[in-house]
1. Among the residues of the range 117-150, how many are in contact (Cβ under 8 Å) with a residue 40 or more places away in the chain, out of contact with any Phe, Trp or Tyr (no Cβ under 7 Å at 6 or more places or on another chain) and either at positive phi or among the charged types (D, E, K, R) (or both)?
2. Hey, any hits in the range 305-328 for a residue that's buried (at least 23 other Cβ atoms within 10 Å of the Cβ), over 17 Å from the mean Cα position of the chain (by Cα) and either under 30 Å from LEU228 (Cβ atoms) or of a type outside the set (A, V, I, L, M, F, W, C) (or both)?
3. Can you name the condition, by its number, that SER227 falls short on among (1) in contact (Cβ under 8 Å) with a residue 60 or more places away in the chain; (2) more than 26 Å from THR91 (Cβ to Cβ); (3) not basic (Lys, Arg)?
4. What about PHE144, is it part of a loop (DSSP other than H, G, I, E, B), of a type in the set (Phe, Trp, Tyr), buried (at least 19 other Cβ atoms within 10 Å of the Cβ) and in the same structural domain as LEU276 (by TED's automatic domain parsing)?
5. If I filter the range 325-333 for residues that are touching a Lys or Arg at 6+ places or on another chain (Cβ under 6 Å) and farther than 28 Å from LYS150 by Cβ, do I get at least one hit?
6. Anything in the range 291-307 that is of a type in the set (A, V, I, L, M) and within 14 Å of ILE337 (Cα to Cα)? List them, or say none.
7. Using beta carbons and a limit of 9 Å, which pairs, at least six apart or on different chains, have the first residue in the range 281-296 and closer than 12 Å to SER211 by Cα and assigned to a helix (DSSP H, G or I) and the second one modelled with pLDDT under 95 and hydrophobic (A, V, I, L, M, F, W, C)?
Amino acid sequence: MCVQDAEQVSEGMENQEAWALHSELSSTQMESCDRNTACDPVGLGNSFPLESICEDTVVVEKKQSLLSSFIPALRSGEWSHIGQRSHMEDTHICVADLAKNFGYNSLSEEAISFYGVFDGHGGKGAANFVRDHLPRVIVEDADFPLELEKVVTRSFIETDAAFEKSCSLESALSSGTTALTAMIFGRSLLVANAGDCRAVLSRHGVAMEMSKDHRPCCANERMRIESLGGFIDDDYLNGQLGVTRALGDWHIKGLKEVGGRGGPLSAEPELKLITLTKEDEFLIISSDGIWEVFTSQNAVDFARRRLQEHNDVKRCCKEVVEEAMKRGAEDNLTVVIACFHSERPPSVTVQRTRVKRSFSAEAIQNLKFLLGE
């Protein structure tokens, strides 16, 4: 998703909230009219008595208070394991206050929490470089923190370019990495993804994917790749790479800077911005090794049960990793979980729908035959 798309998502959600507010207010007005037939005694159309206007104002204030009252109580945990691999190429970062951590005075009164998972390939140089440099590039951007969507997109691309320069000076660094970051500020959650790590939100127990896996099998990615002179061979980008977006990999010919338009391997992240509500419980950010053995909903269910048992976020991350290994995961494994409440997730009551059972005409005839009727 481009920056413009992310902004449209944000605007769309604001419009949805406004529309929901408008609908509830209209309903309240109608109920008020039913109770008081003097609402429009002489056919004055949209004119209402002063008492009705005052009542509507109270409703508006109450609704606005409900919309803005939720403030996430952030706490997080993380766990990593080498898995069945001979080398550990995953890395991650958890920062409670991004600006303060890097010694910058933020224009925002709210702390901006930053979480990231970086899954390296062909070595750990790129993953470690992005982990160490990307957050600083973000806070040093002139538009930080007022235009975070633009800042994050620029920072991914600038960090990628900076890594290319480092590789030209030290070839041993040559490698690549996927990158997924989550930034939480106030009630806003901004996820940026380039690669096949995944972020999944638990909304009252229902899994909501906050990122899209960038793999060669994705139709949109295939179209983008082919438009830039790349190709998909046996589900690999240019027959060489299992992801279609990543930072690094400058040493692989034909993946970047083809014809001055940028190559088929893109470092530009797709963004997703949402407004958190009381129903949003926690966010899982994991490298692809976890998602090879967990579905998004399965991971939410598993983590939710563990948090209900002991409410220890770090222990929960460790248990997710251990469960992935029991299920046969072979890749490096990294899990970061950010919770938005201090209390345990509430129990969810599943409403079971009644299924009406009926017999076909043929079945009824067979039954009559068996009964001798």
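1. Qualifying residue count, the range 117-150: 6.
2. Looking for residues that are buried (at least 23 other Cβ atoms within 10 Å of the Cβ), over 17 Å from the mean Cα position of the chain (by Cα) and either under 30 Å from LEU228 (Cβ atoms) or of a type outside the set (A, V, I, L, M, F, W, C) (or both), one finds none in the range 305-328, hence no.
3. SER227 satisfies all of (1) in contact (Cβ under 8 Å) with a residue 60 or more places away in the chain; (2) more than 26 Å from THR91 (Cβ to Cβ); (3) not basic (Lys, Arg) except (1).
4. Numbers: part of a loop (DSSP other than H, G, I, E, B): yes; of a type in the set (Phe, Trp, Tyr): yes; buried (at least 19 other Cβ atoms within 10 Å of the Cβ): yes; in the same structural domain as LEU276 (by TED's automatic domain parsing): yes.
Criteria met by PHE144.
5. Narrowing the range 325-333 to residues touching a Lys or Arg at 6+ places or on another chain (Cβ under 6 Å): 332.
Remaining after also requiring farther than 28 Å from LYS150 by Cβ: 332.
Yes, that holds for at least one residue.
6. Our first condition is that a residue be of a type in the set (A, V, I, L, M); within the range 291-307, this holds for 293, 299-300, 303, 307.
Within the range 291-307, ALA299, VAL300, ALA303, LEU307 meet the criteria.
7. none
To keep it simple, each residue is scored yes or no on (1) in a loop (DSSP other than H, G, I, E, B); (2) within 25 Å of ASP331 (Cβ to Cβ); (3) modelled with pLDDT of 50 or more.
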| site | (1), (2), (3) |
| --- | --- |
| PRO41 | yes, no, no |
| SER47 | yes, no, no |
| LEU66 | no, no, yes |
| SER86 | yes, yes, yes |
| LYS100 | no, no, yes |
| SER108 | yes, no, yes |
| GLY116 | no, yes, yes |
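The values are calculated or read from the model by the stated rules, or taken from the named source; none is laboratory data. Treat the numbers as computed from the prediction; the structure is a model and nothing was measured. Neighbour counts run over all protein chains shown; Cβ positions are idealised from the backbone, glycine included.
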